[in-house]
Amino acid sequence: MADPEQITAWQRLGPALTTSGALSEGDIDALAALGTAHVINLALATHPQSLPDEEALLAARGIGYTHLPIPFDAPDDSHYAAFRAALDAAPRPLHIHCIMNWRVSACLYRWHREQGMAEGEARALMARQWQPEHSDHPDAAAWAAFIAR
C-alpha cells in the first residue's frame, strides 16, 4: 500500500517510523492497512482536533497505543524523557502524531541528535513540518528552547 498522503502533515522517516498531525477514523484504517503496530499520541485529548476514543479505535484494529500529552505552551525535559522511553519501548512499525506534527517533529529532532544524526539533517527533517525559531506562533519560543536543550 502507498503511504496515506491524505493524513494531515504525513511524513515517513523510515520503513518502520511515520509521523503526522491529527488523525481521523479513516486515517486509522490507513495506518492499519500499512501494518502499523503502535501509535504514540503527543496531543492533548482536550484539543478540538483530537480524535475521540482514539485508543479504542486503534485497539479494534489491533494497534497498540500510548498517550503522552505534551502541553503546547510548556514542553519540558520530563515530556521528552517520557517520549524517548515510549519511542524506545514501542513495537514497530510505529506511528507518532500530535495535531500539526509540530510536537512530534521537535521531539524527534532531539532524539535524532541524541542518536548521532548530523544537526543539519535533523533540522531539515523537522523543517518539513515547522521551524520554531522562525514561527510567529505564540508558543514557538517554548519549542525553540525545547530543541536547544
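Structural remarks
- Residue check, Thr18 of a type outside the set (A, V, I, L, M), in contact with a His (Cβ under 6 Å, 6 or more places away or on another chain), within 17 Å of Trp130 (Cα to Cα) and not in a helix (DSSP H, G or I): yes
- Segment 61-114, residues that are polar (S, T, N, Q) and within 19 Å of Pro132 (Cα to Cα): Asn101, Ser105
- So Ser20, is it among the small types (Gly, Ala, Ser), buried (at least 16 other Cβ atoms within 10 Å of the Cβ) and more than 12 Å from the chain's Cα centre (by Cα): no
- Which numbered condition Ile7 misses (of (1) touching a residue at least 40 places away in the same chain (Cβ under 8 Å); (2) surrounded by 20 or more Cβ atoms within 10 Å (Cβ to Cβ); (3) not basic (Lys, Arg)): (1)
- Filtering segment 109-149 to residues that are in contact with an Asp or Glu (Cβ under 7 Å, 6 or more places away or on another chain) and touching a residue at least 12 places away in the same chain (Cβ under 8 Å) leaves Asp139, Ala142, Ala144, Arg149.
- Counting only helices (runs of 4 or more DSSP H) that sit completely within segment 42-149, those holding 1 or more residues that are among the β-branched types (Val, Ile, Thr) and surrounded by 13 or more Cβ atoms within 10 Å (Cβ to Cβ) correspond to 102-114, 140-148.
Laboratory data are not the source of any read-out in this text; all were calculated from the coordinates shown. If you're wondering where the values come from, they're calculated on a predicted model, not measured in any experiment. Here Cβ is always computed from backbone atoms with ideal geometry, including for glycine, and neighbour counts include all displayed protein chains.
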